[in-house]
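K.L.:
Structure below; questions to follow.
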Amino acid sequence: MRLMLLGAPGAGKGTQAKFLIDKYNIPQISTGDILREAVSEGTDMGLKAKIAMDNGQLVSDDIIMGIIKDRLSKDDCKKGFILDGFPRTIVQAEELEILMKELNIKLDYVISLNVADDEIVERITGRRVSKLTGKIYHIKYNPPVDEKEEDLIIRKDDNKDTVLKRLEAYHEQTAPLIGFYKEKGIFKEINGMQKIENIISELENIIEGK
Ligand code: AMP
């Protein structure tokens with residue numbers, strides 16, 4: 001199963017990807033996570049990406065395609081994968097097509113999680129990530145049982161100003177992917193503002209072809 005989760009920042013892609021990893025035993029490929037790791041390790045790529053990330057802008061397609069080529073060639077991707085936060089531009093989507101042709105594979109579904117912009121801002125400004133497990137929480141709507149134990153952190157780009165810029169980047173550069181994948185006949189969408197259990201069951205129905 002090869003899936004791509006599409007949606008604005010904070011639409012729930014990461015949360016749903018974590019569920020899909022456990023259920024279908026396939027890896028999540030989050031370009032955002034890979035970039036954050038590079039930033040924290042201070043690699044060349046991290047240094048190049050950091051300014052764009054802190055400003056809520058997209059990192060260059062060149063850097064992103066380098067990451068993806070490297071990642072998709074790893075053994076654990078042979079049984080499938082979940083793309084989370086990639087592609088984010090038409091150029092990336094076109095280059096992914098070329099890469100997948102070379103690897104002789106195809107995406108099964110592109111699933112969009114739809115959430116209204118005002119809810120995105122509310123979600124992201126309350127988002128916390130466990131340093132320990134990577135699990136995603138919300139201070140108000142989904143707090144952890146023990147805040148201290150989880151060692152919660154706030155992502156540097158999870159503030160209101162940056163979120164508004166990230167939303168702008170989403171609408172201008174990423175939303176055109178909806179048309180791109182509709183044309184390919186693999187586009188599906190889910191209302192991302194329902195209870196998590198309902199989103200999960202809609203995802204399962206899509207994946208299992210119900
Ligand atoms: P995310 O964790 O997916 O919200 O990504 C965090 C930040 O990393 C984004 O705001 C971008 O600056 C950068 N980023 C992640 N994935 C991509 C991508 N596919 N193309 C360009 N920039 C990306």
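The values are calculated or read from the model by the stated rules, or taken from the named source; none is laboratory data. The shown structure was predicted, so the numbers you read here are calculated from the model rather than taken from an experiment. When we count neighbours, we look across all protein chains shown, and the Cβ atoms used for this are built from the backbone with ideal geometry, even at glycine. Ligands, DNA and RNA are stripped out before the accessible areas are found, and what is left, the full protein with its side chains, is counted by its heavy atoms. Shrake-Rupley method; radii C 1.70, N 1.55, O 1.52, S 1.80 Å.
K.L.:
Looking at the chain, do any whole DSSP H helices span at least 27 angstrom along their long axis by alpha carbon and average 1.6 or above on Kyte-Doolittle, and which? All intermediate terms of the calculation are to be shown ahead of the outcome.
P.N.:
Working: long enough: none.
What comes out of the filter, once short or polar helices are dropped, is none.
K.L.:
Roughly how far apart, in whole Å, are the Cα centres of region 32-85 and region 173-205?
P.N.:
Spelled out, the Cα-based centre of one part sits 23 Å from the other.
K.L.:
Leaving out ligands and nucleic acids, note down the accessible area per residue over region 46-112 with a 1.4 angstrom probe, in whole Å². Present the calculation step by step, with values, prior to reporting the outcome.
P.N.:
Numbers: 3410 Å² over 67 residues.
Heavy-atom accessible area per residue stands at 51 Å².
K.L.:
Ok, one more. Assuming 0.36 nm per residue, please report the length gained on full extension of the stretch I51 to T125 beyond their Cα-Cα distance. Before the final figure, lay out the partial values.
P.N.:
Details: separation 74, 0.36 × 74 = 26.64 nm, distance 2.00 nm.
Net length gain for the segment: 24.6 nm.
K.L.:
About the Cα centre of region 72-210, how large is the charge dipole given +1 on each Lys and Arg Cβ and -1 on each Asp and Glu Cβ? Please answer in debye to the nearest 20.
P.N.:
Working: 23 positive and 28 negative charges, 29 e Å.
The dipole magnitude comes to about 140 debye.
K.L.:
May I pose another question? Rounded to the nearest whole Å², what accessible area per residue is found for region 150-210 with the 1.4 Å probe? Provide the component values of the computation, followed by the final result.
P.N.:
Numbers: 3660 Å² over 61 residues.
Per residue, region 150-210 has an accessible area of 60 Å².
K.L.:
Heavy atoms only, probe 1.4 Å: what % of the accessible area of the chain goes to carbon and sulfur, would you let me know? Please list the in-between numbers first.
P.N.:
Working: 5650 of 11280 Å².
That share works out to 50 percent.
K.L.:
Using alpha carbon coordinates only, what is the Rg to Rh ratio of the chain, with Rh defined as the Kirkwood radius? Walk me through the numbers on the way to the answer.
P.N.:
Values: Rg = 16.5 Å, Rh = 17.6 Å.
We get a ratio of 0.93 for the chain.
K.L.:
Here is a follow-up. Out of residues 5 or more away from F81 or on other chains, whose amide H comes under 5 Å of its own, with H placed 1.01 Å from N in the peptide plane?
P.N.:
R2, L3
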